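*Asks:* Before anything else, here's the structure in question.
The values are calculated or read from the model by the stated rules, or taken from the named source; none is laboratory data. Because the structure is predicted, anything quoted here is derived from the model rather than measured. Note: ideal-geometry Cβ built from the backbone for every residue, glycine included; neighbour counts use all protein chains shown. Accessible surface is based on the protein model in full, side chains and every heavy atom, while ligands, DNA and RNA are left aside. Shrake-Rupley method; radii C 1.70, N 1.55, O 1.52, S 1.80 Å.
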Amino acid sequence: MTTRRIADLPNFADMWEARMDRRTLLISSLGVLVASRATAEQLSLRSRLIGMWSLTEAVTVKGNETVGRHPPIKGMINYNENGWMSVQIAGAPAGEISHADFYKLSAADRAVWFDEYYAYYGTFEVDEAARVVTHRVVNSLLPYETGTILKRDVSINEDTLSLVTPPRDDGSGKTTFNRLVWKKAI
């Protein structure tokens, strides 16, 4: 018969503690993963809106007809944490023109180029329940927009932002609205 000394016996308390530490680590790691995913899904609409977005699509819907803006349309919209926003959209007419040649154009021809650019800045608020962002325009390229309030239905799916203007009658009895789609840039 072999005699074992107490010092040679496994320390069951240490073995149990090591096993529990591995289980605790595994369970807590799973908890962190689940919590971080839940947190990402629970971020407010406003917090997901913050950042710079690049325009990928701009269409006007008139009745049953969808009219896309002619390329090359480009744009950026920026929502800052401090509550300020700005937007710039450019859809330059075909062709290139130099600085000197631009100023040689007639006022009517220059207006064609200016008509392809749109910009404003101001503050914004988000109605989380209604999923609406409100832009309070401080200044705009279009003087009549300065001081106005512009509301947009907003949806965000991963890195894609969709802004839709409220429907309005275009004067011919057709309901019209604009839809702009943006991709997260920063």
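*Asks:* Determine the shape class of the range 123-179: with a ≥ b ≥ c the square roots of the Cα gyration tensor eigenvalues, call it rounded for a/c under 1.5, and otherwise prolate if a/b is greater than b/c, oblate otherwise.
*Replies:* On the way: a/c = 2.02, a/b = 1.14, b/c = 1.78.
It comes out oblate by the Cα gyration axes.
*Asks:* If you count, for each residue, the other Cβ atoms within 10 Å and average over each peptide, how do 111-118, 78-85 line up from highest to lowest?
*Replies:* Values: 111-118: 12.6, 78-85: 14.6.
Listed from highest to lowest mean packing, they are 78-85, 111-118.
*Asks:* Heavy atoms only, probe 1.4 Å: what % of the accessible area of the range 50-173 goes to carbon and sulfur, would you let me know? Display every interim value, and only then the final one.
*Replies:* On the way: 4120 of 7550 Å².
Roughly 55 percent, rounded to a whole number.
*Asks:* Using the beta-carbon distance between ALA130 and TRP84 and R0 = 35 Å, what value does 1/(1 + (r/R0)^6) give for FRET efficiency, to the nearest 0.05? Walk me through the intermediate numbers first.
*Replies:* Details: r = 21 Å, r/R0 = 0.61.
Result of the calculation: an efficiency of 0.95.
*Asks:* Taking a 1.4 Å probe, which of SER98, SER162 shows the most accessible area, and what order do the others take after it? Walk me through the numbers before you get to the answer.
*Replies:* Working: SER98 55, SER162 25 Å².
Per-residue accessible area, sorted high to low, gives SER98, SER162.
*Asks:* Relative contact order for the range 35-186 using alpha-carbon pairs under 8 Å, separation at least 6, rounded to a whole percent? Don't jump to the answer; show the numbers that get you there.
*Replies:* Values: 294 pairs, mean separation 39.3, N = 152.
Result for the range 35-186 is 26 percent.
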